[in-house]
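Heads up, the thing below is written out as structure tokens.
A short reminder: the numbers here are calculations on the coordinates, not readings from a lab. Because the structure is predicted, anything quoted here is derived from the model rather than measured. Positions of Cβ are generated from backbone atoms using ideal geometry, with glycine treated the same way; all protein chains shown enter the neighbour counts.
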Amino acid sequence: MDTWGVVFLGVIALGSIVQAAFLVGLMHFGRRLSRRIDALQGRIDRDVTPALDNLTRVSRAAAEIADLATIQARRMDLLLTDTIDKVEETAAAVQQLILRPLRPLGSIAAFLRGVQRGLAVYAELGHQRPAVPRRRGRDDEEHLFI
């Protein structure tokens with residue numbers, strides 16, 4: 001049994017050596033990977049960070065512009081509302097002070113225009129012969145047939 005113990009001890013030693021070799025290889029590849037990651041991080045810091053800073057500045061400027069535009073839009077809305085209110089007040093004042101007192105004059109003017117037109121029609125009819133009403137025939141009503 002002693003020989004079997006030595007054989008198993010040799011197998012265990014060989015397995016430990018193989019395991020140690022794998023660990024050394026893993027450590028070597030880990031170091032290479034770490035160097036590549038550090039280089040990549042350096043490139044990212046060198047190339048991307050300034051772009052991100054510029055993007056941050058641009059987004060802040062855009063936010064300020066949007067705030068200013070909102071403030072200006074509110075001011076414009078207040079100005080237009082005030083102007084519309086003043087125009088409505090002016091229109092009401094004009095109607096109250098000018099148009100209401102002139103309303104009876106408008107009615108009188110309309111009456112006079114009606115009388116003038118009536119006289120003009122009467123004068124035209126006075127110069128013409130009175131028309132004899134014609135009797136409607138079948139031909140006159142044909143266009144009414146559907």
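Points to keep in mind about this one:
- Summed side-chain charge close to Ser59 - residues other than Ser59 whose Cβ falls under 15 Å, Lys, Arg +1, Asp, Glu -1: -1
- Built from the Cα atoms of the stretch 47-86, the convex hull projects on average onto 2.3 nm², one quarter of its surface area.
- Taking only the Cα atoms of the stretch 1-127, the ratio Rg/Rh comes out at 1.88, with Rh defined as the Kirkwood radius.
- Neighbours of Arg46 by Cβ distance under 15 Å: Lys/Arg scored +1, Asp/Glu scored -1, total -3.
- Tilt relative to the chain, helix 2-94 - C-alpha long axis, 0 to 90 degrees, to 10: 20
- Compared with the dominant Cα axis of the chain, that is its longest principal axis, helix 100-127 is turned about 50°.
- Furthest towards positive pole of dipole, Gly30, Thr3, Ala20, structure part the chain, Cβ charges: Gly30
- Here the chain is treated with +1 on each Lys and Arg Cβ and -1 on each Asp and Glu Cβ, and its dipole about the Cα centre works out to around 520 debye.
- Note on the stretch 53-71 and the stretch 33-47: Cα centroid distance 32 Å, given to the nearest whole angstrom.
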